[in-house]
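Notes follow once the structure below has been shown.
The values are calculated or read from the model by the stated rules, or taken from the named source; none is laboratory data. A quick note: this is a predicted structure, and the numbers were derived from the prediction, not measured. Counting neighbours? That spans all protein chains shown, and the Cβs are built from the backbone with ideal geometry, glycine included. Each accessible area value is taken on the protein alone, full model and side chains, heavy atoms only, with ligands, DNA and RNA left out. Shrake-Rupley method; radii C 1.70, N 1.55, O 1.52, S 1.80 Å.
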There are 2 protein chains.
Amino acid sequence: MLDVCLPGTGGVVPREDRWLACCWLEYKGKAILIDCGEGTQIALKKSGCKLSHLSILLITHFHADHIAGLPGLLLTLGNSGRKTPLIIIGPKGLEKVVQSLTVIAPILPYVVKIHELEEDKEEEWNMDELTISHLSLSHGVPCYGYGITVKRKPVFNPQKACELGVPKTAFKMLHEGLTVRLEDGRTIEPETVIDEKRDPIRVCYFTDTKMVKTMKDFAYGADLLISEGMYGEENKLDEMLKKGHMLFSHSAQLAKDAVVKRLWITHYSPALTKPERYIENAREIFSDTTLGYDGIRVTL
Amino acid sequence: MLDVCLPGTGGVVPREDRWLACCWLEYKGKAILIDCGEGTQIALKKSGCKLSHLSILLITHFHADHIAGLPGLLLTLGNSGRKTPLIIIGPKGLEKVVQSLTVIAPILPYVVKIHELEEDKEEEWNMDELTISHLSLSHGVPCYGYGITVKRKPVFNPQKACELGVPKTAFKMLHEGLTVRLEDGRTIEPETVIDEKRDPIRVCYFTDTKMVKTMKDFAYGADLLISEGMYGEENKLDEMLKKGHMLFSHSAQLAKDAVVKRLWITHYSPALTKPERYIENAREIFSDTTLGYDGIRVTL
């Protein structure tokens with residue numbers, strides 16, 4: 001099961017009542033954090049996300065509200081005794097940005113492995129059954145959306161297996177898709193003891209960007225789309241396009257077109273103090289829209 | 001009148017319930033901020049300190065809990081339309097540190113003027129009647145304590161001036177210490193219309209450091225000494241000396257020796273969740289000790 005949480009949902013400037021936008025995804029005790037603005041380490045604590053579980057940090061882009069909290073986070077990981085490497089993935093130039101920011105965190109007791117993404121290069125990162133892919137967005141600076149996919153094993157039917165005389169010690173192999181040869185010489189194919197195949201779980205995260213055509217295919221059929229809504233008011237359209245951002249209605253249209261199961265909106269402008277006023281602008285287009293808030297959480 | 005506030009009082013790591021240590025001093029609508037850790041811009045808002053009043057930022061040293069909030073603060077100043085220069089003063093290497101941290105804040109709509117302090121060079125900065133001086137501390141890295149002094153005019157006696165036939169238009173000049181020649185040819189010396197001279201107001205701020213002999217003279221007679229208390233427990237003595245920090249009792253002894261009027265303790269370890277448990281360790285030595293807390297404020 002994949003736990004997803006938004007410890008922060010704000011854009012541009014941290015507010016007293018709203019942490020900067022980030023996303024925590026945890027699977028089997030290992031976690032991915034998307035973005036790390038000023039205060040994100042506090043937001044994580046408030047939302048009960050355990051820093052000791054952090055394996056991979058994904059950076060969308062290098063605007064301060066998405067990365068200024070990096071040196072503090074790295075130091076706190078060190079202070080808490082971390083020894084295992086931390087992987088940081090982000091746009092080209094990441095190595096220089098991390099080096100610059102860590103001028104005030106020069107010594108860490110663990111290795112930081114940096115991987116710079118390339119715009120036109122398809123590549124995937126794996127963490128157990130979980131796969132990370134990226135999509136180039138449009139925000140005036142190199143910026144990536146991320147897709148997190150968890151492959152799921154099909155449903156195993158132990159009753160069928162027992163009826164076929166399969167010993168319990170062979171259940172795991174069959175569930176993992178391996179053919180088993182029994183002591184009596186029979187061969188058991190995994191398909192014979194499986195009820196149904198299950199689709200993978202997919203979560204997509206898009207900040208900051210204006211609408212890009214490729215987002216639809218990337219997010220197609222996702223269980224959860226988390227997408228930015230810098231403003232709710234429709235009359236902010238020109239301003240949003242110029243700044244490389246989206247309205248609530250943009251994210252809702254994307255959710256509808258990509259036939260996702262649910263949508264969370266995030267990355268509100270600091271001037272947008274009451275996003276709930278504009279929820280209908282999104283729900284009229286895509287009914288299963290939820291306004292993200294600090295601490296929102298779901299298990300998929 | 002000088003307003004002094006501690007928007008944050010924590011050390012090392014920002015906690016959910018305690019911002020990182022910093023100090024806001026405001027005089028006649030212009031403000032000085034000492035240190036800017038992660039989240040300080042939020043702490044300032046919470047304490048009602050107006051960023052638009054900020055004139056000078058003093059950095060004690062380059063450990064992340066004292067400077068990691070710099071890029072966010074600079075950007076927020078820019079977003080709020082600042083055009084006037086910001087002066088940043090700190091240890092040698094400040095220019096490089098600011099340049100490195102602003103890799104994520106490359107364009108600001110105002111000038112940042114940087115001044116690097118030299119260990120053995122006495123120098124003072126003025127902001128109207130306010131003077132800033134610095135003292136080298138002992139923390140393993142270059143680190144400065146700061147003294148803020150406001151000169152005060154003597155008490156003017158308008159009744160005496162009237163009796164001498166001085167016109168009201170000459171009151172201001174006499175109060176500022178200038179000799180005035182009246183129309184009837186008489187010369188009025190300022191001393192003749194003044195009741196008493198007033199001592200300047202002085203505030204001293206010491207983090208992070210172990211006890212240094214020169215602190216006593218630097219803080220001598222201060223109206224307010226703000227000094228670090230990483231721990232309250234006396235059995236942490238060896239650890240504190242090794243780390244270059246002070247116990248509550250150290251700051252209290254300094255307050256007593258320097259004959260200051262009052263002491264605020266700040267910069268608590270994140271492990272010190274209940275500093276009030278150890279207040280007597282300080283008050284037994286110096287009775288006018290107050291445990292600093294986020295938002296503590298006084299007008300001197």
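Applying the Karplus parametrisation 6.51 cos²θ - 1.76 cosθ + 1.60 with θ = phi - 60° to the phi angles of the stretch B:73-81, what ³J(HN,Hα) value in whole Hz is obtained for each residue in order, glycine and proline being reported as x?
5, 4, 5, 5, 4, x, 4, 8, x
Ignoring ligands, DNA and RNA, what percent of the accessible area of chain A is carbon or sulfur (1.4 Å)?
50 percent
Between B:Asp128 and B:Lys96, take the C-beta separation as r, use R0 = 30 Å, and let me know the FRET efficiency to the nearest 0.05.
0.45
Hey, any idea what Rg/Rh is for the stretch A:73-158, computing Rh the Kirkwood way over Cα pairs?
Using only Cα positions, Rg/Rh for the stretch A:73-158 is 1.08.
Which cross-chain or sequence-distant (5 or more) residues have an amide H under 5 Å from the amide H of B:Gly295, H modelled 1.01 Å from N in plane?
Under 5 Å from the amide H of B:Gly295: B:Leu6, B:Gly8.
For the stretch B:156-300, what is the convex hull volume of its Cα atoms per residue in Å³?
Taking the convex hull of the Cα positions in the stretch B:156-300, it is 134 Å³ per residue.
What Rg and what Dmax come out for the stretch B:155-195 when only alpha-carbon atoms are used, in angstroms?
Rg and Dmax of the stretch B:155-195, Cα atoms, are 8.8, 26 Å.
In the stretch A:95-138, what residues drop by 20 Å² or more in accessible surface going from the chain by itself to the full protein assembly, probe 1.4 Å?
Hits at the 20 Å² cut-off: A:Val97, A:Ser100, A:Leu101, A:Val103, A:Ile104.
How compact and how long is the protein assembly as shown, expressed as Rg and Dmax of its alpha-carbon atoms in Å?
Radius of gyration, then largest Cα-Cα span, for the protein assembly as shown: 30.3, 131 Å.
Which whole-number percent is the relative contact order of chain A (Cα, under 8 Å, 6+ apart)?
In percent, rounded to a whole number, it is 17.
For chain B, with a Gaussian network of springs between Cα atoms less than 10 Å apart, report the residue from B:Ala271, B:Ala170, B:Ala219 with the top mean-square fluctuation.
Of B:Ala271, B:Ala170, B:Ala219, the Gaussian network model singles out B:Ala170 as fluctuating most.
May I ask you to report, in nm to one decimal and beginning with the shortest, the distances from A:Glu233 to the same position in the other copies, taking label points 7 Å along Cα-to-Cβ?
5.5
Using a 1.4 angstrom probe, figure out how much accessible area the protein assembly as shown has per residue, in square angstrom, rounded to the nearest whole.
45 Å²
Which value in deg cm²/dmol, rounded to the nearest 500, describes the helix-derived mean residue ellipticity at 222 nm for chain A, given -39,500 (n - 2.57) per DSSP H run of n ≥ 4 and division by the residue count?
Helix contribution divided over all residues of chain A: -5500 deg cm²/dmol.
Using only Cα atoms and rounding to the nearest 10 degrees, what angle (0 to 90) does helix B:248-257 make with the longest principal axis of chain B?
30 degrees
Note the distances from A:Glu189 to each other copy's matching label point, with points 7 Å along the Cα-to-beta-carbon direction, in nm, sorted shortest first.
Sorted ascending, the copy-to-copy spacings read 11.6 nm.
Using label points projected 7 Å from each Cα along Cα→Cβ, tell me how many nm separate B:Arg283 and A:Lys46, to one decimal.
About 3.3 nm separates the two model spin labels.
With respect to the cross-link table entries B:Lys45/B:Lys256; B:Lys96/B:Lys121; A:Lys96/B:Lys96, which display a Cα-Cα separation exceeding 22 Å?
Checking Cα-Cα distances, B:Lys45/B:Lys256 exceed 22 Å.
Just checking the output field for B:63-72: average partner chain Cβ neighbours within 10 Å of each residue's Cβ?
Counting other chains' Cβ atoms within 10 Å and averaging over B:63-72 gives 6.
Springs between alpha-carbon pairs under 10 angstrom, Gaussian network model over chain B: which of B:Gly90, B:Gly165, B:Gly48 fluctuates most?
B:Gly165
With springs only between Cα atoms under 10 Å apart, run a GNM on chain B and tell me which of B:Pro142, B:Pro154, B:Pro200 wobbles the most.
B:Pro154
Can you list, shortest first and in nm, the gaps between the label point of A:Arg277 and those of its counterparts in the other copies, using a point 7 Å from Cα in the C-beta direction?
A:Arg277 label point versus its equivalents elsewhere: 4.7 nm.
Given labels modelled 7 Å from the Cα in the Cβ direction, how far is it in nm from A:Glu196 to B:Ser138?
The two pseudo-label positions are separated by 7.3 nm.
How many angstrom separate the Cα center of the stretch A:183-216 from the Cα center of the stretch B:216-266?
First find each Cα centre; the distance between them is then 61 Å.
Apply the Karplus curve 6.51 cos²θ - 1.76 cosθ + 1.60, θ = phi - 60°, to the phi angles in the stretch A:286-292 and return the couplings in whole Hz, x for Gly and Pro.
9, 5, 8, 9, 10, 6, x
Convert each backbone phi in the stretch A:198-204 into a coupling constant with the Karplus relation 6.51 cos²θ - 1.76 cosθ + 1.60 (shift: θ = phi - 60°), then list the ³J(HN,Hα) values in order as whole Hz, x for Gly and Pro.
10, 5, x, 8, 9, 10, 10
Among all the aspartates and glutamates, which ones have a C-alpha under 13 Å from A:Lys216's C-alpha, if same-chain residues fewer than 8 places away are not counted?
Candidates past the 8-residue exclusion: A:Asp257.
Going Cα to Cα from B:Lys83, which lysines come in below 17 Å? Please leave out same-chain ones fewer than 8 positions away.
B:Lys30, B:Lys50, B:Lys113
At B:Ser80 and B:Asp3, where each label point lies 7 Å from the Cα along Cα→Cβ, what is the point-to-point distance in nanometres?
Calculated label separation equals 1.2 nm.
Would you pull out the residues with amide H under 5 Å of A:Cys143's amide H, same chain only if 5 or more places away, H placed 1.01 Å from N?
Distant-sequence amide H within range of A:Cys143: A:Leu137.
In the stretch B:35-56, which residues become less accessible by 10 Å² or more once every protein chain is in place, relative to the chain on its own, using a 1.4 Å probe?
Residues passing the criterion (a loss of at least 10 Å², heavy atoms only) are B:Glu38, B:Gly39, B:Gln41, B:Ile42, B:Lys45, B:Lys46.
Rounded to the nearest 100 Å², what's the accessible area chains A and B bury against each other, both chains counted, probe 1.4 Å?
By this definition, chains A and B bury close to 2300 Å².
If I take all pairs of Cα atoms in chain A, what percentage of them are more than 32 Å from each other?
Within chain A, distances greater than 32 Å cover 32 percent of Cα pairs.
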